[in-house]
Ligand code: PMP
């Protein structure tokens, strides 16, 4: 390939490890040349060679309104004019905190940070500080960013590269991290029976988007909530991906509809709350959050935390998605995409399964939906890779690894969905 993308990839690899600043962008799982994006508008991204793609990555989740939404653009431009960063508090941080809290009843206070990694890492520290206990549970295939203690069997990018746990993480650092199978009640009971009084926290991706799309089953979440309460461990929902994406109140609002009185103790957010700018947050009850510095003994800080341009972007985004009917419309668009793809797969006689919620979807080349990470690994990877490239060749940009979820935005039109479905029909017919 002699196009501009290949040229840029070669140049990038000289100065940036692997040519990318986040591993999955390198197309290592699917092979081929990563596309270097020069601009985006609405549901489309354009690469350096001028090729247009219908974008189902949306910056891995944040771009729920599509790219360049006028209200968001205006808010960001105005904020940038007023100043990039002050290192002092601003009214907009309060507004964003108020907005988040008003949409997520389980939290009374939030702290803003700059990435999901930071938010999850801080949530763990807070849980350990609150309980005075060292241990935490996470689940195989769930990714919570790349803080050392959470970087064990993290699915997603790590799965792509065949390293379940990163080098450079000493065993002592992860000795307090217990990794269990997702949706496995037996292992959960056993872990609490053995370590209940040492557990600070259980961290869960309620819909695991880092192994494509796997839901935590309702009985599993119900029992997890009971066990945490009984043993005095905090239940942390990592809603970096699902927050303000699968529903306005995040995945926790869906479980609260199915499990009376359900709420996590700590919530972690990112992606949509920044609208594409570096912004994330963690929140909990006032009692737990007041353990943070400067009020309490758990230290946590950030030079760019609550950045004025990022908060303007996030706030404008949240104000759009909370408008009446937004999620109904977004969910209907996602459902029509999934139904179209499903019909195309059936017509082509290709075993494929799908799931979706709000503006997030997943699909597997398998005959039933996987319930945990090993089942995800057993789906047809070669077929996925061929499908990915066939779609890319037809101007549809899916996540370049089967371990990743897909994202639909409010900017995707009926025509975009129809074009995607007809591209899929052609791609599936290729075998
Ligand atoms: N938690 C989840 C569920 C995520 O999906 C991600 C990123 N994909 C993170 C945490 C880490 O967020 P960031 O990449 O912003 O550090």
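FYI, it's all coordinate maths here, none of it is from the lab. Being a predicted model, the structure only gives us computed values, none of them experimental. Because the Cβ atoms are built from the backbone with ideal geometry, glycine has one as well, and the counts that use them run over all protein chains shown.
Kindly give Rg over Rh for the range 353-431, based on alpha-carbon atoms, with the Kirkwood expression for the hydrodynamic radius.
Answer for the range 353-431: 0.95.
Cα-Cα pairs above 20 Å in the range 281-431: how many percent?
60
Does the range 209-347 classify as rounded, prolate or oblate by the C-alpha gyration tensor (a ≥ b ≥ c root eigenvalues; a/c under 1.5 gives rounded; else a/b over b/c gives prolate, otherwise oblate)?
In terms of gyration-tensor shape, oblate.
Over all Cα pairs of the range 292-339, how is the pair count split among 10 Å bins, expressed in % and running from 0 up to the last occupied bin?
21, 25, 25, 19, 10, 0
When a footprinting reagent is the concern and you count Cβ atoms within 10 Å, what order do 271, 153, 381 take, fewest first?
The most exposed by this proxy come first: 381, 153, 271.
Could you list 407, 244 in order of exposure, starting from the residue whose Cβ has the fewest other Cβ atoms within 10 Å?
Placing the least packed residue first, the sequence is 407, 244.
Based on the Cα gyration tensor of the range 70-321, what are the three equivalent ellipsoid semi-axes, each the root of five times an eigenvalue, rounded to whole Å and given largest first?
Calculated on Cα positions only, the semi-axes equal 30, 19, 18 Å.
If each residue's Cβ is checked for other Cβ atoms within 10 Å, how do 33, 311 rank with the fewest at the top?
Going from least to most buried by this count: 33, 311.
Rounded to the nearest 500 deg cm²/dmol, what is the calculated helix-only ellipticity per residue at 222 nm for the chain, with -39500 (n - 2.57) per DSSP H run of length n ≥ 4?
So the helix-based figure for the chain works out to -12000 deg cm²/dmol.
Quick check: from the Cα gyration tensor, does the range 150-285 come out rounded (a/c under 1.5), prolate or oblate?
Taking the square roots of the gyration eigenvalues as a ≥ b ≥ c, the range 150-285 is oblate.
Quick one: pull the percentage of alpha-carbon pairs in the chain with a separation above 42 Å.
Roughly 10 percent, once rounded to a whole number.
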